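Before any comments, here is the structure.
The values are calculated or read from the model by the stated rules, or taken from the named source; none is laboratory data. Note that the structure is a prediction, hence the values are computed from the model and not measured. Neighbour counts run over all protein chains shown; Cβ positions are idealised from the backbone, glycine included.
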Amino acid sequence: MNVFFNIGLLHYLVLSFLLFLTGLLGVLISRNMLRVLMSVLIMTISVVINFLTFGFYCDRSLENANIISVLVLIIAVIQIFIGLVILYKINSSNEFLDSEKTKDKES
């Protein structure tokens, strides 16, 4: 019974893989650019979970993993900010965020 309560490396890797897979499917399936941007953020969070997991299980300390994770999250925030500015500009000129309609409007 104690086996179910011990969280190990495999549990974190499965969680990270499922989050990355969810983000990847969101990028590939969704046509709404805001959903694509949110899916990329989910993929970035899964990468941060991987950094923290390997940082803790390899070094048995979170110092290096925390520094790298904070840097990755800062880059993700900047990425989301730039993406939202681009989406705002597209929305103000086209009145929709559907990627297929944006492609048709440009040509």
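Residue check: is Ile45 within 29 Å of Val85 (Cβ to Cβ), modelled with pLDDT of 80 or more and part of a helix (DSSP H, G or I)? Yes: the conditions hold for Ile45. The numbered conditions (1) free of Cβ contacts under 8 Å to residues at least 24 places away in the same chain; (2) of a type outside the set (Phe, Trp, Tyr); (3) closer than 17 Å to Ile75 by Cα are all true for Thr44 except (1). Residues of the stretch 56-67 being surrounded by 14 or more Cβ atoms within 10 Å (Cβ to Cβ), out of contact with any Asp or Glu (no Cβ under 9 Å at 6 or more places or on another chain) and either closer than 13 Å to Thr44 by Cβ or of a type outside the set (S, T, N, Q) (or both), which ones? Hit for the stretch 56-67 is Phe56, nothing else. The number of residues in the stretch 48-90 being part of a helix (DSSP H, G or I) and over 23 Å from Asn32 (Cβ atoms) comes to 25. Out of curiosity, is Leu37 surrounded by 13 or more Cβ atoms within 10 Å (Cβ to Cβ) and touching a Gly at 6+ places or on another chain (Cβ under 6 Å)? It is true that Leu37 is surrounded by 13 or more Cβ atoms within 10 Å (Cβ to Cβ) and touching a Gly at 6+ places or on another chain (Cβ under 6 Å).
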